[in-house]
1. At least 3 residues that are more than 27 Å from THR199 (Cβ to Cβ) and either within 13 Å of ligand 1 (Cβ to nearest atom) or of a type in the set (Asp, Glu) (or both) in each: list the strands (runs of 3 or more DSSP E) lying fully within region 1-88 that qualify.
2. Against the conditions (1) part of a strand (DSSP E or B); (2) touching a helix residue (DSSP H, G or I) at 6+ places or on another chain (Cβ under 8 Å), where does ALA109 fall short? Just the number, please.
3. So which pairs qualify, if the first residue must be in region 160-179 and basic (Lys, Arg), the second must be assigned to a helix (DSSP H, G or I), the Cβ gap must be under 8 Å, and the two must be at least 6 apart or on different chains?
4. Say we look at region 145-159 and pick out the residues that are under 22 Å from the mean Cα position of the chain (by Cα) and without any contact (Cβ under 8 Å) to a residue 60 or more places away in the chain; which of these is farthest from GLN188 (Cα to Cα)?
5. Evaluate the following for ALA131: is it assigned to a helix (DSSP H, G or I) and closer than 19 Å to GLN188 by Cβ?
6. Could you list, in sequence order, all residues of region 122-142 that are β-branched (Val, Ile, Thr) and open to solvent by less than 10 Å² (accessible area, probe 1.4 Å)?
7. Regarding region 251-264, can at least one residue be identified that is farther than 17 Å from ILE161 by Cα, modelled with pLDDT under 95, hydrophobic (A, V, I, L, M, F, W, C) and within 16 Å of ligand 1 (Cβ to nearest atom)?
Amino acid sequence: MPQLLTVSDLTIRFGLQSAVDGVSFTLAAGETLGLVGESGSGKSATSLALLRLLPPSATLSGQIHFDSRNLLAESEAAMRRLRGREIAMIFQEPMTALNPVMQIGTQIAEAIRAHHPGLSRAEVKARTVAALHEVALPDPERRLTDYPHQFSGGQRQRILIAIALSNRPRLLIADEPTTALDVTVQAQILDLLRTLRATHNLAMLFISHDLAVISRIADRVAVMQRGRIVEQAAAADLFRSPRHPYTRQLLASAPTMHTDRSKPLATLA
Ligand SMILES: Nc1ncnc2c1ncn2[C@@H]1O[C@H](COP(=O)(O)OP(=O)(O)OP(=O)(O)O)[C@@H](O)[C@H]1O
Ligand SMILES: [Mg+2]
């Protein structure tokens, strides 16, 4: 399968401190890689590097190829065109990612106009409404003029997904997108992402510390510990027969669909 994204030997330092150390993985069109690992293991730094959104204090080495392009060599202008258009991102906290004083219709329209300046007002509005329909937000025409605080947490995450997908990206980076939501809403958002992924042949890098969430969405899983990928495997294999001791620890300490519920959960060493 031709790869959409190839990350080779990615290393990220903040000053003298190493945050990511020789990370390599690939992602094909339509495929979902789950990136899992404890807090501080380098998951977010890795994903921000793909969009070249790390602060200037970060030094990067290695290679990131998206399609045929070397992202670490692209100009800043080229990266601006690519962000949101070809690679989009959603975050954990939809309230902070949305502008609290701007109507949600305007925020989606701005995202569309940023990459399609030639569209008429009517065309932008039609695309805005279509984007909200696609994420199953109830009654989108009537809610375009509402502000983020007038929506529930789950609805706000739907709006962020609508913004992220409004320009039909090929890769979606989702960094703990359901962590702030309660379990029922979390399941609904995962269902929605699965549906949209199939409709758009969307590749996804799905970051979570929660193995139960990862097990519901990922085709393959990469396990990070202290800046390195310690194990990478097809999701079914990893959950059935984890090889690395750290993966076993993670699995033993997290209830998943495969957990033996008659035994107590282990704690991380
Ligand atoms: N802007 C920054 N300046 C300095 N150090 C940073 C910066 N961002 C991240 N780091 C460091 O890089 C390492 C990896 O951080 P990262 O945010 O990628 O972890 P993470 O796996 O996403 O953790 P979490 O699950 O808590 O989100 C950590 O040691 C962190 O302190
Ligand atoms: Mg993080």
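The values are calculated or read from the model by the stated rules, or taken from the named source; none is laboratory data. Note that the coordinates shown come from a computational prediction; the quantities given were computed from them, not determined experimentally. When we count neighbours, we look across all protein chains shown, and the Cβ atoms used for this are built from the backbone with ideal geometry, even at glycine. Side chains included, ligands, DNA and RNA excluded: accessible areas come from the protein's heavy atoms. Shrake-Rupley method; radii C 1.70, N 1.55, O 1.52, S 1.80 Å.
1. Numbers: elements: 3-14, 17-28, 32-37, 58-66.
Ranges flagged: 3-14, 17-28, 58-66.
2. Checking ALA109 against (1) part of a strand (DSSP E or B); (2) touching a helix residue (DSSP H, G or I) at 6+ places or on another chain (Cβ under 8 Å), the one that fails is (1).
3. ARG168/HIS200
4. At the first step, the residues of region 145-159 found to be under 22 Å from the mean Cα position of the chain (by Cα) are 148, 151-159.
The next check asks that each one be without any contact (Cβ under 8 Å) to a residue 60 or more places away in the chain; those that pass are 148, 151-155, 158.
Working: PRO148: 19, PHE151: 16, SER152: 13, GLY153: 12, GLY154: 8, GLN155: 10, ARG158: 10 Å.
Going through the qualifying residues, I end up with PRO148.
5. Details: assigned to a helix (DSSP H, G or I): yes; closer than 19 Å to GLN188 by Cβ: yes.
It is true that ALA131 is assigned to a helix (DSSP H, G or I) and closer than 19 Å to GLN188 by Cβ.
6. Quick first cut of region 122-142, residues β-branched (Val, Ile, Thr) only: 124, 128-129, 135.
Scanning region 122-142 gives VAL124, THR128, VAL135.
7. Going residue by residue through region 251-264, those that are farther than 17 Å from ILE161 by Cα are 251-264.
Keeping just the survivors that are modelled with pLDDT under 95 gives 251-264.
In the following step, the residues that additionally are hydrophobic (A, V, I, L, M, F, W, C) were identified as 251-252, 254, 257.
Subsequent filtering for residues that are within 16 Å of ligand 1 (Cβ to nearest atom) retains 254.
Scanning region 251-264 turns up at least one residue that is farther than 17 Å from ILE161 by Cα, modelled with pLDDT under 95, hydrophobic (A, V, I, L, M, F, W, C) and within 16 Å of ligand 1 (Cβ to nearest atom).
Each row is one residue, and each column tells you yes or no for (1) under 25 Å from PHE206 (Cα atoms); (2) within 22 Å of the chain's Cα centre (by Cα); (3) basic (Lys, Arg).
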site	(1), (2), (3)
ILE90	yes, yes, no
GLY105	no, no, no
VAL124	no, no, no
ALA136	yes, yes, no
ASP139	no, no, no
ARG143	no, no, yes
ALA162	yes, yes, no
